[in-house]
């Protein structure tokens, strides 16, 4: 019997969680978006509405499609809303202990046949699956940021992931208007395995005085035809997330080439986490943003 996915739960209403809710609601799926912080939920609803309205303004969708998408999305601060979900996607911060706490509270509430996915960008799927009561029905479903715009979803099997579960989520990914690639369960998977060492090297280039923030970003935009410089991109991703991913690579692969740049560590320690914090490699209190080094 084919696996039917009709209602999708999402844990965490941050940048990734609200983006996933956006695309799921727009594709006609019922969504329960949960966060323990009511302010996060209000911000998420406002952000989804704003992004859908932007799509209407660009003639990507109709206003009736915007209204229908919003109607599909229900928010709440309690996990009880996941009881009738066919699939739950965990999209909390890139913190393994926090994810384990979420699974401990979530799994007893889920139907026995429910699928559980994680949006982790770097942590072992097999290790996370072992913290649940359903490793065979667990997999990685790594969306790219910003979710409404980015087409790619990395799908990652854990060692125990059942083939029919993987196939069902791959079909869902297509129904969301996304394209999937299959990645093996190695630290940071495909995109971040390639992208984060480049960003880390850009920070080293700044740290060693080879170039300024502005020079490094302009060099990569003009010299490599990148749409965004690596330090600007790091600010967009979040420097705490960048540090978490490069640290996973360093710890998981035990190769010195992945050693996090000390300057990246200092910025995170200072709370200069990038655009979301108003300051990172750029200061976002002015328009246009001003480099901080």
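All of the numbers you see were taken from the coordinates with simple rules; none came from a lab. Only a predicted model underlies this, so the values are computations on that prediction, with no experimental measurement involved. When we count neighbours, we look across all protein chains shown, and the Cβ atoms used for this are built from the backbone with ideal geometry, even at glycine.
Nearest 500 deg cm²/dmol is fine: what mean residue ellipticity at 222 nm does the chain get from its DSSP H runs of n ≥ 4 alone, each adding -39,500 (n - 2.57), divided by its residue count?
-13500 deg cm²/dmol
Quickly rank 46-54, 188-196 as a protection proxy: mean count of other C-beta atoms within 10 Å, highest first.
188-196, 46-54
Rounded, prolate or oblate: pick one for the range 193-291, where a ≥ b ≥ c are the square roots of the eigenvalues of its C-alpha gyration tensor, a/c under 1.5 means rounded, and failing that, prolate if a/b is larger than b/c, else oblate.
Oblate shape, in that a/c is at least 1.5 and b/c is the bigger or equal ratio.
If one takes the longest principal axis of the Cα atoms in the chain, at what angle in degrees, from 0 to 90 and to the nearest 10, does the Cα axis of helix 15-26 lie?
40 degrees
So for 242, 85, 24, 261, fewest C-beta neighbours within 10 Å to most, what's the order?
Lowest to highest Cβ neighbour count: 261, 85, 24, 242.
By how many degrees, between 0 and 90 and to the nearest 10, does the Cα long axis of helix 213-223 differ from the longest principal axis of the chain?
Rounded to the nearest ten degrees, it is 70.
Sorted by average packing, counted as other Cβ atoms within 10 angstrom per residue and highest first, what order do 15-23, 100-108, 129-137 take?
The most tightly packed comes first, giving 15-23, 129-137, 100-108.
Relative contact order of the chain: what whole-number percent is it, with Cα pairs under 8 angstrom and at least 6 residues apart?
13 percent
How do 114-123, 272-281, 58-67 rank on mean C-beta neighbours within 10 Å, highest first?
Result, highest mean Cβ count within 10 Å first: 114-123, 272-281, 58-67.
Rounded, prolate or oblate for the range 66-158? Axes are the square roots of the Cα gyration tensor eigenvalues, ordered a ≥ b ≥ c, and the cut-off for rounded is a/c under 1.5.
Taking the square roots of the gyration eigenvalues as a ≥ b ≥ c, the range 66-158 is oblate.
I'd like the distance separating the alpha-carbon centroids of the range 272-293 and the range 231-259, in whole Å.
Here the two parts' Cα centres lie 19 Å apart.
Apply the a/c threshold of 1.5 to the C-alpha gyration tensor of the range 7-183 and tell me whether it is rounded, prolate or oblate.
prolate
If one takes the longest principal axis of the Cα atoms in the chain, at what angle in degrees, from 0 to 90 and to the nearest 10, does the Cα axis of helix 38-57 lie?
Here the helix axis deviates by roughly 80 degrees.
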